[in-house]
1. Confirm whether Ile87 is touching a strand residue (DSSP E or B) at 6+ places or on another chain (Cβ under 6 Å) and under 30 Å from Pro246 (Cβ atoms).
2. Here are some conditions: (1) small (Gly, Ala, Ser); (2) in a helix (DSSP H, G or I); (3) within 16 Å of the ligand (Cβ to nearest atom). Gly123 meets all but one. Which one does it not meet?
3. Being surrounded by fewer than 24 Cβ atoms within 10 Å (Cβ to Cβ) and among the hydroxyl-bearing types (Ser, Thr, Tyr) is the filter here; which residues of the stretch 67-97 pass it?
4. State whether one or more residues within the stretch 44-52 are more than 17 Å from the chain's Cα centre (by Cα), surrounded by fewer than 17 Cβ atoms within 10 Å (Cβ to Cβ) and closer than 30 Å to Asp295 by Cα.
5. If you go through the stretch 263-277 one residue at a time, how many are assigned to a helix (DSSP H, G or I) and free of Cβ contacts under 8 Å to residues at least 40 places away in the same chain?
6. Mind listing just one residue for me: the one in the stretch 254-311 that is within 14 Å of Leu219 (Cβ to Cβ) and of a type in the set (Asp, Glu) and, of those, surrounded by the most Cβ atoms within 10 Å (Cβ to Cβ)?
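Only the coordinates and a few stated rules stand behind these numbers; no lab work does. Fair warning: this is a prediction, and the values are worked out from it, not measured in the lab. A quick note on method: Cβ atoms are made from the backbone with ideal geometry, for glycine too, and the neighbour counts reach across all protein chains shown.
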Amino acid sequence: MSNRGWSFAAAMVVLAFAWVTPAAAAPDGGFVEIAPGVHVRHGAVAGTTSENHGAIANLGFIVGTRAVAMIDSGGSVADGEAALAAIRQVTDKPVEWLIDTHMHPDHVFGNQVFKAVGATILGHRRLPAALAARADFYKQSMREQLGPALDDAVTVTLPDDTVADERRIDLGGRTILVKAWETAHTDNDLTVYDEATRTLFAGDLLFMEHCPVVDGSILGWLAQLPALTAIPAERVVPGHGPVSAPWPEALEPQARYLETLAADIRKAIAEGVPMAEAVPQAAASERDKWQLFDDYNPRNATAAYAELEWE
Ligand SMILES: [Zn+2]
């Protein structure tokens with residue numbers, strides 16, 4: 001078959017699949033192995049909708065010789081079920097651990113799927129209180145975004161066990177290091193470091209492409225960048241953005257964004273510019289560098305103004 005003929009045939013196959021695939025098909029998993037035994041699902045850089053089933057965060061799992069650790073459970077029960085099905089295509093070893101990197105619904109609304117198969121859910125020491133306090137609000141906002149058909153399936157499921165500082169977990173033949181951070185993206189951020197492949201799961205302590213979201217403390221986040229940078233990882237899996245990126249270079253755009261936002265807000269406060277005028281101008285030089293900037297930057301600027309006014 002000529003090149004042109006093959007291309008035509010391939011195009012017809014693509015069209016045929018496009019035709020039979022329903023617009024709201026359940027997520028298929030779509031995990032890729034980014035390092036030996038380390039699998040990551042790329043989350044759409046988008047808000048939660050009924051079409052994407054809340055599959056907007058990067059999820060991962062790490063396979064040891066004895067057991068599997070899942071990192072974040074997805075933005076809906078359907079998203080969690082797709083992730084569990086993806087694990088089962090790779091291994092039948094037990095999923096002993098589900099590690100929640102923080103409280104946001106796109107990372108924890110699939111928790112019940114992993115609890116049902118016997119995983120111990122592990123979170124930051126402040127996660128249970130933080131998630132419990134926001135459970136009703138998250139259910140309500142996710143109902144608006146996912147639609148009742150998907151949201152009604154979700155039971156907000158809290159961790160069974162927590163990390164105050166650091167915890168080493170043996171999966172058989174490899175050890176992962178779970179670390180609890182001080183308030184930054186939220187007040188309950190965890191990272192997971194796979195020592196065997198030097199892969200860091202940063203959760204939402206690292207945003208790439210997707211505008212960072214400050215739901216904890218901009219000063220806290222900036223203060224922890226040196227300690228994050230010092231992690232001897234080779235690659236990082238950000239909470240949002242590509243499935244894998246070189247470390248620590250991947251941190252640079254986010255550090256620049258946070259520093260710019262803090263500097264612009266500090267200047268406005270020093271000049272007596274009120275919050276309502278300062279917010280639309282803050283970090284304007286970053287606007288074309290991030291997706292979803294207009295959704296999140298105004299909220300970040302408002303939070304930063306309130307925080308920096310009292311420094
Ligand atoms: Zn988050």
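1. Yes: the conditions hold for Ile87.
2. (2)
3. Thr91
4. First, the residues of the stretch 44-52 that are more than 17 Å from the chain's Cα centre (by Cα): 50-51.
Subset that is surrounded by fewer than 17 Cβ atoms within 10 Å (Cβ to Cβ): 50-51.
Those left that are additionally closer than 30 Å to Asp295 by Cα: 50-51.
Scanning the stretch 44-52 turns up at least one residue that is more than 17 Å from the chain's Cα centre (by Cα), surrounded by fewer than 17 Cβ atoms within 10 Å (Cβ to Cβ) and closer than 30 Å to Asp295 by Cα.
5. Step one: filter the stretch 263-277 for residues assigned to a helix (DSSP H, G or I), giving 263-270, 275-277.
Subset that is free of Cβ contacts under 8 Å to residues at least 40 places away in the same chain: 263-264, 267-268, 270, 275-277.
Of the residues in the stretch 263-277, 8 are assigned to a helix (DSSP H, G or I) and free of Cβ contacts under 8 Å to residues at least 40 places away in the same chain.
6. Of the stretch 254-311, the ones within 14 Å of Leu219 (Cβ to Cβ) are 255, 258-259, 261-263, 265-266, 269, 300, 303-311.
After this cut, where a residue has to be of a type in the set (Asp, Glu) as well, the list is 259, 307, 309, 311.
Numbers: Glu259: 14, Glu307: 17, Glu309: 12, Glu311: 8.
So, considering only residues that are within 14 Å of Leu219 (Cβ to Cβ) and of a type in the set (Asp, Glu), the one surrounded by the most Cβ atoms within 10 Å (Cβ to Cβ) is Glu307.
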